[in-house]
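*Asks:* Next up is a structure, given as structure tokens.
The values are calculated or read from the model by the stated rules, or taken from the named source; none is laboratory data. Everything numeric here is computed off the predicted structure, so don't read it as measured data. As a convention, Cβ positions derive from the backbone with ideal geometry for all residues, glycine included, and neighbour counts pool all protein chains shown.
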Amino acid sequence: MPSSTRREFLQLLGSAGLISLGAIPPRFLVTAAEAAGVAARDKRVLVLIQLAGGNDGLNTLIPHGDPAYEKARPGIGIPKPQVLRLNDQVGLHPNLTGLRELYEEGKLAILQGVGYPNPDRSHFRSMDIWQSAQPLNDNPRDGWLGRASEWQFDRQPALAEALSLGSDKLPLAFVSTRVNVPSLHRLEDFQLVDGQGPTANRDRIRTTIKKLVADPASGELDFLRRATTTALTSAERLKSLSATYRTTVNYPSTGLASRLKLVAQMLTADLPARMFVVSLDGFDTHSQQQPGHAALMAELSGAIRAFEQDLAEHKLSDRVVLATYSEFGRRVAENGSLGTDHGAASMLFALTPTGKGGLHGTYPSLTDLTDGDLKFNIDFRSVYATILDKWLEIPSAEVIGEAFQPTGFI
Amino acid sequence: MPNLEPPAGLLAPLDFTSDRTWTAREAAHLLGRSQFGYTSAELDLAIQSGPAETIERLLNTQPEPIEFQQAELALRKTALATGEITDLKIWWLYRMWATANPLAEKMSLLWHNHFATSFDKVRSVAQMLNQNALIRKHALGHFQQLLHGMSRDTAMLVWLDGNANRKRHPNENFAREIMELFALGVGNYTEKDIQEAARAFSGWHVREGVFWFNQSQHDETEKTVFGKVGNFDGAAIVDLCLSQPACPRFLAMKLLKTFVCSEPKQELIEAVATRIRLHDFVMLPVLRELFSSQVFYDGANRRSLIKSPLDLVVGSLRALAATVKWPSITKLLANLGQDVFEPPSVKGWEGGRLWINSSSILLRTNFATELASTEQLASLRGSVTDVASETSDSIVAGLGRLLMGDLVEGELHASLVALHQLAEGNSLQKLRATIQLILSLPEYQLY
């Protein structure tokens, strides 16, 4: 950690008067002092990009070598010459130029045929399944990263920090019955306003709030008190971050790019958060899919490329695994509205610093289908197991509830 | 409608002559849950007139004052003329704040959340307004009529790709959501039911802004839904959904989560579902029973729900504000996560703990600061600020009654009194500081 950053950060800690703040420790800050002493390998970070709506994997990683592709996609198929070929069989959507560069540099892993048994085609149900990692639980109360945070918190609280960026609500993946995960849009969103009236009154109000929320309660009140403690202390902490971050990388002016830039800012300032989820919406392409999907591909690729360059510039690449996921793929056959309906197995991208880029798994057959959908060959929980066991060093079986074999991308 | 025996068991009516006294706390609980907050005058009237009369006043249409009628009409016409959804949002927020029929607005919001449709895709203020009128018309009425109306509503048809649902290319979007989100809930249908029902809705299109049965695109062949076979059309599917036992249960869950508790027990859901069936899916008598029941006033269900942004913001404005700067309020509500006419998805707002994260806590705290200490959002009511001659103790008691359902006691009361006494400035600034503290508290986020 650059010493100036650390100093500011510890000053903030002191000025926030954290230790006195709550019966439940305000983890975000109380543990920050410990985090300053944590070894680099323990500061490994996970960034998840949620492609909400169900990304069309077939038009993302295109099986251009398979004649069945053209047949299933007469109206919206990507013409062969435009495909960014990775080999004779598959290639990327023409707008994924940044991702192809990363692939060629060995930094991008592409996992093919990812899914789960008895797929559900409801957005909400399937998103719940991916985020809870509990396909059999109809009404999941918490998410896989929420449970991972709990495990971590009980052992090394300094490493249990997480942040959600750009979602209106906290993604289920982060929901925990015990841990509050903050979520924000921009750093500027995260400030208390001063209002009018005598300054002394404002200070007195803030002091009184802090005193009152420190008492443990039960039920919703306890939940709100803990959330208030986390929010107020985080706000004080994040106040000076914008000033300390510089980059020469030109991020595209897209929503995803600005969210990933915020992650880079926080990593640069050595915020102790090590799990981030950012969302990119709009993948529910039931009709007139082509232009919208193409724009999303460009946004995804440009943002990840810039983020990776920024990480490299700040010598943070070795600390970050980034992965995309989506609740399902689309049907193999296009529908009558030049779009695609909800499907099942699909593919995902992972930025990996361990030299294990490339294609993983096998491309599902386009003719051997279940109900018109691709069959999976990698269970998404194996992907989670890889991230948990090999990267975050949190035992996956405890988080997922059963053991899954890691895949080879980390 | 046959005269029904009153419900027994969990829903048995609470006897206010023997079981419990009707005080400011009970009145505040009823008004807090059934309205978006309440004014001091509304609370006084409710305490005075007792539970039965208050409940009837809530349920039955009250005449709207002429000022309300004029303002409502002007705002509605403005929205239609500009075609700006922000103007329509202001129209609705104004209604919630100023109406003499707040329960109708609260139920309308429940149905907007239930049939969550977004301008983001519909792109027509007129169609969003029509859907809102449909919702308001049936807000406390027959759910059957609402569900049938919704299946032909143009905003809904645009929202869920009605025009893309054609004979040879069925689009499952509406068929899926009517089962998953509008009538039954996950687990009460099969994928096959959805595929078959989609064919029944084929040809239900929108043309020139109105519903159009496009015969040539309607699939006339046989369908099998919920094990029943027939040449069903869309209306038949709606009726089949309504006849499923899961339907009243699904609605009972919605009502309970909105008005009673965040995690209703199965037994309570069944009890309410039974009353919904007995009342033939008419909401008004079901709500009457709910608001009169023991379970509604049970201690465990008091101040146990987290306020939605609308409950928080409109509720505070109803209690405190004389005039409101609606464009700022509209933006604030969007930032807090509850942007009417633009719900995040067809699933609507899930609510409860999901309203709360660090960012929304800060926004709620900032709302308290701006409402209490500035004129940026609203100006305070004279009835609230006219306290020059009162003591700190009586001011805190008065604010506690208005803003916290008369539940300010112990350390909290002492802290508020101390703040009022020690606060700098004139009597208005001292009062504003006290209001700001109350509005910033976690306790105030509950109702």
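*Asks:* Is one or more of the residues making up the range A:211-229 closer than 30 Å to B:Cys261 by Cβ, more than 9 Å from chain B (Cβ to nearest Cβ), touching a strand residue (DSSP E or B) at 6+ places or on another chain (Cβ under 6 Å) and at pLDDT below 90?
*Replies:* no
*Asks:* Please work out if B:Glu390 is within 11 Å of chain A (Cβ to nearest Cβ), without any contact (Cβ under 8 Å) to a residue 24 or more places away in the chain and surrounded by fewer than 23 Cβ atoms within 10 Å (Cβ to Cβ).
*Replies:* Details: within 11 Å of chain A (Cβ to nearest Cβ): no; without any contact (Cβ under 8 Å) to a residue 24 or more places away in the chain: yes; surrounded by fewer than 23 Cβ atoms within 10 Å (Cβ to Cβ): yes.
So B:Glu390 does not fit the description; no.
*Asks:* Which of the residues belonging to the range B:345-365 are in contact (Cβ under 8 Å) with a residue 12 or more places away in the chain and within 7 Å of chain A (Cβ to nearest Cβ)?
*Replies:* B:Lys347, B:Arg353, B:Ile356, B:Thr365
*Asks:* Tell me yes or no: at least one residue of the range B:369-378 is surrounded by fewer than 23 Cβ atoms within 10 Å (Cβ to Cβ), part of a loop (DSSP other than H, G, I, E, B), of a type in the set (Gly, Ala, Ser) and not assigned by TED's automatic domain parsing to the domain that holds B:Ala27.
*Replies:* no
*Asks:* Something else about it: So which residues in the range A:384-410 are farther than 15 Å from A:Leu46 by Cα, in a helix (DSSP H, G or I) and either over 19 Å from the mean Cα position of the chain (by Cα) or free of Cβ contacts under 8 Å to residues at least 24 places away in the same chain (or both), if there are any at all?
*Replies:* Result: A:Ala397, A:Glu398.
*Asks:* Against the condition part of a loop (DSSP other than H, G, I, E, B), under 19 Å from the mean Cα position of the chain (by Cα) and polar (S, T, N, Q), how does A:Gln152 come out, does it pass?
*Replies:* When the stated conditions are applied, A:Gln152 does not pass them.
Here is a yes/no grid of residues against (1) under 22 Å from A:Ser382 (Cβ atoms); (2) not aliphatic (A, V, I, L, M):
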{"position": "A:His64", "(1), (2)": "no, yes"}
{"position": "A:Lys71", "(1), (2)": "no, yes"}
{"position": "A:Pro79", "(1), (2)": "no, yes"}
{"position": "A:Arg85", "(1), (2)": "no, yes"}
{"position": "A:Val90", "(1), (2)": "yes, no"}
{"position": "A:Pro94", "(1), (2)": "no, yes"}
{"position": "A:Glu101", "(1), (2)": "no, yes"}
{"position": "A:Glu104", "(1), (2)": "no, yes"}
{"position": "A:Tyr116", "(1), (2)": "yes, yes"}
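*Asks:* Right, B:Glu208: without any contact (Cβ under 8 Å) to a residue 12 or more places away in the chain and charged (D, E, K, R) or not?
*Replies:* yes
*Asks:* Of the conditions (1) out of contact with any Phe, Trp or Tyr (no Cβ under 8 Å at 6 or more places or on another chain); (2) within 10 Å of chain A (Cβ to nearest Cβ); (3) aliphatic (A, V, I, L, M); (4) in contact (Cβ under 8 Å) with a residue 60 or more places away in the chain, B:Val384 fails just one. Which one is it?
*Replies:* (2)
*Asks:* Going through the range B:395-421 one residue at a time, which ones are surrounded by 16 or more Cβ atoms within 10 Å (Cβ to Cβ), part of a helix (DSSP H, G or I), more than 9 Å from chain A (Cβ to nearest Cβ) and among the hydrophobic types (A, V, I, L, M, F, W, C)?
*Replies:* Scanning the range B:395-421 gives B:Ile395, B:Val396, B:Ala397, B:Leu399, B:Leu402, B:Leu403, B:Met404, B:Val417.
*Asks:* Look at the range A:314-326 and say how many of its residues are in contact with a Ser or Thr (Cβ under 7 Å, 6 or more places away or on another chain) and at pLDDT 95 or above.
*Replies:* Residues flagged as in contact with a Ser or Thr (Cβ under 7 Å, 6 or more places away or on another chain) and at pLDDT 95 or above within the range A:314-326 amount to 2.
*Asks:* Working only within the range B:279-292, note down all residues that are assigned to a helix (DSSP H, G or I) and surrounded by 18 or more Cβ atoms within 10 Å (Cβ to Cβ).
*Replies:* Step one: of the range B:279-292, the residues assigned to a helix (DSSP H, G or I) are B:283-292.
Correct list: B:Met283, B:Val286, B:Leu287, B:Arg288, B:Glu289, B:Leu290, B:Phe291, B:Ser292.
*Asks:* Also, quick follow-up: Name the pairs whose Cβ atoms lie under 9 Å apart, with the first residue in the range A:185-200 and more than 7 Å from chain B (Cβ to nearest Cβ), the second at pLDDT 90 or above and in a loop (DSSP other than H, G, I, E, B), and 6 or more positions between them or separate chains?
*Replies:* Close Cβ pairs (under 9 Å, with a partner that is at pLDDT 90 or above and in a loop (DSSP other than H, G, I, E, B)) amount to A:Thr199/B:Glu424.
*Asks:* Need a quick list: helices (runs of 4 or more DSSP H) entirely within the range A:54-141 having at least 2 residues that are in the same structural domain as A:Gln289 (by TED's automatic domain parsing), farther than 16 Å from A:Leu359 by Cα and touching a Gly at 6+ places or on another chain (Cβ under 7 Å).
*Replies:* Once the helices (runs of 4 or more DSSP H) in the range A:54-141 are filtered for at least 2 residues that are in the same structural domain as A:Gln289 (by TED's automatic domain parsing), farther than 16 Å from A:Leu359 by Cα and touching a Gly at 6+ places or on another chain (Cβ under 7 Å), what remains is A:67-72, A:123-132.
*Asks:* Here's something else I'd like to know. Picking from B:Lys228, B:Lys192, B:Lys167, which residue would you name as being farther than 21 Å from A:Ser287 by Cβ, of a type in the set (D, E, K, R) and within 13 Å of chain A (Cβ to nearest Cβ)?
*Replies:* B:Lys192 is the lone residue from the list that is farther than 21 Å from A:Ser287 by Cβ, of a type in the set (D, E, K, R) and within 13 Å of chain A (Cβ to nearest Cβ).
*Asks:* Here's another thing I want to ask about it. Which residue pairs have Cβ atoms under 9 Å apart, sit 6 or more places apart or on different chains, and have a first residue in the range B:314-340 that is within 25 Å of B:Leu399 (Cα to Cα) and a second that is part of a loop (DSSP other than H, G, I, E, B) and among the aromatic types (Phe, Trp, Tyr)?
*Replies:* Going by the 9 Å Cβ cut-off, the qualifying pairs are B:Val314/B:Phe36; B:Gly315/B:Phe36; B:Gly315/B:Tyr38; B:Gly315/B:Tyr447; B:Leu317/B:Phe36; B:Arg318/B:Phe36; B:Arg318/B:Tyr38; B:Ala319/B:Tyr38.
*Asks:* Can you tell me which residue in the range B:299-342 is surrounded by the fewest Cβ atoms within 10 Å (Cβ to Cβ), limited to those that are of a type in the set (D, E, K, R) and within 14 Å of chain A (Cβ to nearest Cβ)?
*Replies:* As a first pass, look at the range B:299-342 and keep what is of a type in the set (D, E, K, R): B:302-303, B:307, B:311, B:318, B:325, B:331, B:339, B:342.
Now narrow it down to the ones that are within 14 Å of chain A (Cβ to nearest Cβ): B:302-303, B:307, B:311, B:331, B:339, B:342.
Values: B:Arg302: 19, B:Arg303: 20, B:Lys307: 21, B:Asp311: 24, B:Lys331: 13, B:Asp339: 21, B:Glu342: 17.
That would be B:Lys331.
*Asks:* Within the range A:278-294, track down each residue that is in contact (Cβ under 8 Å) with a residue 60 or more places away in the chain and either among the hydrophobic types (A, V, I, L, M, F, W, C) or under 18 Å from A:Ser126 (Cα atoms) (or both).
*Replies:* A:Val278, A:Ser279, A:Leu280, A:Asp281, A:Gly282, A:Phe283, A:Asp284, A:Thr285, A:Ala294, listed by residue number.
*Asks:* How many residues, within the range A:271-286, are touching a helix residue (DSSP H, G or I) at 6+ places or on another chain (Cβ under 7 Å) and surrounded by fewer than 18 Cβ atoms within 10 Å (Cβ to Cβ)?
*Replies:* 1
*Asks:* Taking A:Gly302 and the conditions (1) assigned to a helix (DSSP H, G or I); (2) of a type outside the set (A, V, I, L, M, F, W, C); (3) away from chain B (no Cβ under 14 Å); (4) under 21 Å from A:Leu145 (Cβ atoms), which numbered condition does it fall short on, given that it satisfies the others?
*Replies:* (4)
*Asks:* Here's another thing I want to ask about it. Could you count how many residues in the range B:422-442 are surrounded by fewer than 21 Cβ atoms within 10 Å (Cβ to Cβ) and within 11 Å of chain A (Cβ to nearest Cβ)?
*Replies:* 6
*Asks:* Can I ask one more? Among the candidates A:Ser326, A:Ser287, A:Ser301, A:Ser317, which residue alone is over 23 Å from A:Leu165 (Cβ atoms) and hydroxyl-bearing (Ser, Thr, Tyr)?
*Replies:* A:Ser287
Let's see how each residue does on (1) under 27 Å from B:Trp326 (Cα atoms); (2) surrounded by 15 or more Cβ atoms within 10 Å (Cβ to Cβ); (3) at pLDDT 95 or above:
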| site | (1), (2), (3) |
| --- | --- |
| B:Ala24 | no, yes, yes |
| B:Gly50 | no, no, yes |
| B:Thr54 | no, yes, yes |
| B:Arg57 | no, yes, yes |
| B:Pro65 | yes, no, yes |
| B:Leu73 | yes, no, yes |
